[in-house]
Amino acid sequence: MQFAEAYASEDIVLATARSLALELGLDSVSPASGSVLRLLAAAGSAKAVVEIGTGTGSSGVWLLRGMRADGVLTTIDVENEHQRIARRIFVEAGFAPSRTRIITGRALDVLPRLADGVYDLVFVDADVTEFGACADAALRLLRPGGVLLVNGAMANGRISDPAARDVDTLTVRETLRAVRESEEWIPAVVPSGAGLLAAVKR
């Protein structure tokens, strides 16, 4: 794990975004998880990506760096102040404002307004209680072959502890189980950072 984190190098923009997140009490994707986001965005030549949870822009930069040069990242967050920071981070990373569509609001209010079947990748880095609803929305939003990524699949290290029965852990387990048992997803868990649930829509 430590090697994976060290292997994925951060530049000054990403390091700044992560330190700003820390100051605000936010978690942001680790370098290893970020490199997986970039990899999968690049592997799918992603042009249209939805990010649920803008934060200070760290994961958005990783995604944009993997996407096509004409790709647009639609990023949703309830906190306008966080998005103001992210907007600056995206510019500092060299991305034109036209590369991002920044929407302020609750994800579950915004997602129904997005078009069906046109997105290449959906990244969920939201409140654990919304994991299931976001995964359901992703199934509608993604094209066949599109990728769902959910951050936090390890439930803060409690996922495999049978004694862990708190609401968050149970919710993560239920989301993992539902995606694994669905015939509409081809899933895997990637043990980078906080853990990524990755699934391809059939």
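Some points to look at:
- The stretch 36-73: number of residues that are within 19 Å of Pro144 (Cα to Cα), among the β-branched types (Val, Ile, Thr) and either in contact with an Asp or Glu (Cβ under 8 Å, 6 or more places away or on another chain) or in a helix (DSSP H, G or I) (or both): 1
- Of all residues in the stretch 165-179, none are surrounded by fewer than 16 Cβ atoms within 10 Å (Cβ to Cβ), assigned to a strand (DSSP E or B), among the basic types (Lys, Arg) and out of contact with any Phe, Trp or Tyr (no Cβ under 6 Å at 6 or more places or on another chain).
- Checking each residue in the stretch 14-59 for being surrounded by fewer than 18 Cβ atoms within 10 Å (Cβ to Cβ), out of contact with any Gly (no Cβ under 7 Å at 6 or more places or on another chain) and in contact (Cβ under 8 Å) with a residue 40 or more places away in the chain picks out Leu24, Asp27, Ser45.
- Of all residues in the stretch 92-109 being assigned to a helix (DSSP H, G or I) and aliphatic (A, V, I, L, M), the one that is farthest from the chain's Cα centre (by Cα): Leu108
- Residue within the stretch 9-30 that is within 24 Å of Leu142 (Cα to Cα) and not hydroxyl-bearing (Ser, Thr, Tyr) present: yes
- The set of residues in the stretch 6-35 that are more than 25 Å from Pro97 (Cβ to Cβ) and in a loop (DSSP other than H, G, I, E, B) comprises Ala8, Ser9, Gly25, Asp27, Ser30.
- Of residues in the stretch 117-141 being of a type in the set (Val, Ile, Thr) and surrounded by fewer than 22 Cβ atoms within 10 Å (Cβ to Cβ), the one nearest to Ala43 (Cα to Cα): Val118
- Counted residues, the stretch 86-110 - those being in contact (Cβ under 8 Å) with a residue 60 or more places away in the chain and over 21 Å from Ala17 (Cα atoms): 0
- Within the stretch 60-98, being small (Gly, Ala, Ser), buried (at least 22 other Cβ atoms within 10 Å of the Cβ) and either within 20 Å of Ser45 (Cα to Cα) or at pLDDT below 95 (or both) holds for Gly60, Gly66.
- Note on the stretch 46-62: residues that are farther than 20 Å from Val190 by Cα and of a type in the set (Gly, Ala, Ser) amount to 3.
- Some residue of the stretch 138-154 being touching a helix residue (DSSP H, G or I) at 6+ places or on another chain (Cβ under 6 Å), at pLDDT 95 or above and assigned to a helix (DSSP H, G or I): no
- Ala135 passes every criterion in (1) within 15 Å of the chain's Cα centre (by Cα); (2) outside any helix (DSSP H, G or I) apart from (2).
- Number of the exception - Gln83 against (1) touching a helix residue (DSSP H, G or I) at 6+ places or on another chain (Cβ under 8 Å); (2) outside any strand (DSSP E or B); (3) in contact (Cβ under 8 Å) with a residue 24 or more places away in the chain: (1)
The values are calculated or read from the model by the stated rules, or taken from the named source; none is laboratory data. Because the structure is a prediction, the values reported are computed rather than measured. With ideal geometry, Cβ positions are generated from the backbone for all residues, glycine too; neighbour counts draw on all protein chains shown.
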